[in-house]
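Read-outs throughout are calculated quantities, based only on the coordinates presented, and are distinct from any laboratory measurement. Everything numeric in this text was worked out from a predicted model, so none of it was measured. Here the Cβ positions follow ideal geometry from the backbone for every residue, glycine too, while neighbour counts run over all protein chains shown.
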């Protein structure tokens, strides 16, 4: 992918920036208040795969930016021999990206691992965050060990059938993924650097590095929208409910007929909920 290009028919631009010494790829569209979309950590995840369907909708009212996290997509993938792919590292990279882009305070919308990174920024640099949307977010050890659906991702075998299993674990039972989605996710992680980074990320995920102490989470005072698919087998409903208990200024939105990917499985419902939250209406 070139240093800067337009993605045909979407109004979305593909760009790169140096963030904390990491060549970081990001997508951008629209004008207005900044909204940063942070993708999850499944095999083959990146900004394009997670957010390309939502970006034109959000771009009607916001400047929408979606980075590839370190180790994912078209962003640098340093060797695990010299870089630790843990949650504090992702938090630091996302913070460096926001600073390099001269952004803040921003609306952060994080899915899964991206939710954990968004929480990390809110904890360490609260002045950089206006509001948080946490969708199927990591950050709490509920369930106590990886669920069977999450294990489909953590045990990815770098085959097309393996990618189909990954996607089946991340979506509700009624969702039928397009074959081009499977192919895209398979190809973007099919290279030695991507494979090494994913193996290191998955190894760290199993150790619980994505989680925060509850007492720290309770210190976050930003307005927070907690979104969860009712059929999410990765970030299960009890985790969403516990987030709502811990976050003083939080709202909950539970999406029916939906697994871990509300932004894909129920795009219009998800986007409407986010826009209602970031643009509060008065009666």
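Take the residues in region 26-67 that are in contact (Cβ under 8 Å) with a residue 40 or more places away in the chain, assigned to a helix (DSSP H, G or I) and under 10 Å from the mean Cα position of the chain (by Cα), then tell me which one is nearest to residue 146 (Cα to Cα).
50
Kindly provide the set of residues from region 234-245 that are over 13 Å from residue 135 (Cβ atoms) and either surrounded by 19 or more Cβ atoms within 10 Å (Cβ to Cβ) or touching a residue at least 24 places away in the same chain (Cβ under 8 Å) (or both), ordered by number.
Scanning region 234-245 gives 236, 238, 242.
Please go through region 68-99 and pick out each residue that is assigned to a helix (DSSP H, G or I), within 17 Å of the chain's Cα centre (by Cα) and touching a residue at least 24 places away in the same chain (Cβ under 8 Å).
Quick first cut of region 68-99, residues assigned to a helix (DSSP H, G or I) only: 87-99.
From what's left, within 17 Å of the chain's Cα centre (by Cα): 87-98.
87, 88, 90, 91, 92, 93, 94, 95, 96, 97, 98, listed by residue number.
Looking at the structure I just gave you, is residue 103 over 20 Å from residue 260 (Cα atoms), touching a helix residue (DSSP H, G or I) at 6+ places or on another chain (Cβ under 8 Å) and in a loop (DSSP other than H, G, I, E, B)? Reasoning before the result, please.
Working: over 20 Å from residue 260 (Cα atoms): yes; touching a helix residue (DSSP H, G or I) at 6+ places or on another chain (Cβ under 8 Å): yes; in a loop (DSSP other than H, G, I, E, B): yes.
Yes: the conditions hold for residue 103.
Got a number for residues in region 110-127 being in contact with a helix residue (DSSP H, G or I) (Cβ under 9 Å, 6 or more places away or on another chain) and surrounded by fewer than 18 Cβ atoms within 10 Å (Cβ to Cβ)?
3
Being surrounded by 17 or more Cβ atoms within 10 Å (Cβ to Cβ) and over 19 Å from residue 114 (Cβ atoms) narrows it down to one residue among 248, 231, 265; which is it? Can you show your working first?
Values: 248 fails: surrounded by 17 or more Cβ atoms within 10 Å (Cβ to Cβ); 265 fails: over 19 Å from residue 114 (Cβ atoms).
It is 231.
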